[in-house]
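The structure appears below as structure tokens.
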Amino acid sequence: MDGNRRATIAWAMAAAILGVVFGGHRPADAKRDQAGLDLDLAMAVSRSLARTASAVREGVVAIDSYRGPSVDAAGQRNAGSEGYGAGLVVRADGRVLTALHVVDKATRIQVRVADGRRFPATVFARDEETDLALLSLDAEGLDLYVPRMGDDQAMDIGETVLAVGNPFGLPGSVTAGILSGRGRTNVVENNRAALLQTDAAINPGSSGGPLFNLRGEVVGLVNAILTRSGGHQGLAFAVPSRELAYAIPRLLRGEKVTRGWLGIQVRSNKTEPGIDVVTVVPGGPASTGGIRSGDRIVRWQSREVSALTDLRPLIRTAAPGGKVAVEVLRDGKRQEFEILVGER
């Protein structure tokens, strides 16, 4: 067989192989096909977000709070001011969780549920430490949708979140963003919870609205923004769902929400996994249970801990009077201690 014939056969075989790989399409056709696949994927993601938003909006309410009437310094009487906020349905018969600052000192509160009905409401219980208030709707026979509670600790930074609120009095507004950070402290005055951070668009009136993951589970309750303009600048914060799950049952019972306390000061270890114990309060729960300064906490109950953002919410949401197993690394060896949680 001469060289030209061999070359012709080789080209024919190559063309056949390419035809199998590309389905007989030319490169331009392959690009069009890939563009179509990309569009299908984008549409699937978009529809998934829309389905989640549609489902969870049923469990979010709009809140109008009124302060006043009052008399100003000149003796003039005014009708008072109106504020906006949002809330999360936590019990079907009309219990709604919101941010305390939305309704604090309000003389009248009105709640609009998802189907547009309006009901007067009163503050049933509050927790100043995490800026939470539980409202009771003045209505009979309600059967509202209650969204599922999720675990904010199970989310990774960068995951998509949806915020549903009432910005500027526009109920049911949905915005999307990502979980930008966690464990944020000293960003909201008088709030001791380590907050979640998101870049979802949050504006005045969004406070008290829930933050959802893509499964439609509540992972936070919006309570603040950092801004120089008075509006959204990509820095919003939410009380984590772990704090909410701890507080809600107590608020529903009308109880004071107490937090766990071990009596230790800790810091992150930058080179090894675990949390270093810096000081131990003499006679405190940790000291009584056997924890010493210099120990490195590596496990809380069955959960490994490697950062302050892991440990702080676990301590705060440990019920005072309950016992927890804390494992430490001491002199290169792991030791476990049972600590009776105190109350802070």
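One table, with the values for the structure above:
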read-out: Accessible area (Å², 1.4 Å probe, nearest 10) - Leu214; value: 80 Å²
read-out: Pairwise label distance in nanometres, Asp151 with Ser268, each label 7 Å out on the Cα-Cβ vector; value: 2.2 nm
read-out: Mean separation of Cα contacts under 8 Å (6+ apart) over length of the chain, as relative contact order %; value: 12 percent
read-out: Selected from Leu135, Gly294, Ile109, residue furthest toward positive end of dipole (the chain; charges at beta carbon); value: Gly294
read-out: Length gained when the stretch Asn190-Asp104 is fully extended (0.36 nm per residue, less Cα-Cα span); value: 29.5 nm
read-out: Potential extension, Glu343-Glu82 segment - 0.36 nm per residue separation minus Cα distance; value: 90.2 nm
read-out: Reach of Lys105 by Cα under 21 Å, taken over lysines that are not fewer than 8 positions away in the same chain; value: Lys256
read-out: Accessible surface, 1.4 Å probe, highest first, among residues Asp151, Asp276; value: Asp151, Asp276
read-out: Given charges at Cβ of Lys, Arg, Asp, Glu: the chain dipole, positive-most of Ile63, Ser180, Ser306; value: Ser306
read-out: Accessible surface of Glu58 - all protein chains present, 1.4 Å probe, nearest 10 Å²; value: 100 Å²
read-out: Distance between segment 80-126 and segment 240-275 - C-alpha centres, whole angstrom; value: 26 Å
read-out: Label of the coordinate-derived value, mean projected area of the Cα convex hull in nm², listed as (1) 20.6; (2) 18.8; (3) 29.6; value: (3)
read-out: Charge dipole magnitude, Cβ of K and R +1, D and E -1 - the chain, Cα centre, debye nearest 20; value: 260 debye
read-out: Charge dipole magnitude, Cβ of K and R +1, D and E -1 - segment 216-257, Cα centre, debye nearest 20; value: 140 debye
read-out: All lysines inside 20 Å of Lys323 as judged from Cα atoms, apart from same-chain residues fewer than 8 positions distant; value: none
read-out: Sequence-distant aspartates and glutamates (8 or more away, or on other chains) whose Cα lies within less than 18 Å of Lys31; value: Asp40
read-out: Shape call, segment 109-240: gyration tensor on alpha carbons, a/c limit 1.5; value: prolate
read-out: Dipole of segment 209-344, positive direction: furthest Cα of Phe337, Pro285, Ala224, with charges on the beta-carbon; value: Ala224
read-out: Neighbour cut-off at most 13 other Cβ (10 Å), DSSP loop, GluC sites (Glu not before Pro), segment 252-344; value: Glu255
read-out: Neighbour net charge for Gln301 - beta-carbon separation under 14 angstrom, K R +1, D E -1; value: -1
read-out: Filtered trypsin sites (Lys or Arg not before Pro), segment 121-211: DSSP coil and at most 14 other beta carbons within 10 Å; value: Arg148
read-out: Under the span-like rule (Cα at least 24 Å along the axis, Kyte-Doolittle mean at least -0.5), DSSP H helices of the chain; value: 3-22, 27-56
read-out: Cα centroid separation - segment 163-207 against segment 281-318, whole Å; value: 29 Å
read-out: Exposure ranking of Arg108, Arg316 by accessible area [1.4 Å probe, largest first]; value: Arg108, Arg316
read-out: Charge dipole magnitude, Cβ of K and R +1, D and E -1 - segment 245-337, Cα centre, debye nearest 20; value: 260 debye
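The values are calculated or read from the model by the stated rules, or taken from the named source; none is laboratory data. Since the model is a prediction, treat every value here as computed from it, not as a measurement. Backbone-built Cβ (ideal geometry, glycine too); neighbour counts: all protein chains shown. We work out accessible area using only protein heavy atoms, side chains counted, and drop any ligands, DNA or RNA first. Shrake-Rupley method; radii C 1.70, N 1.55, O 1.52, S 1.80 Å.
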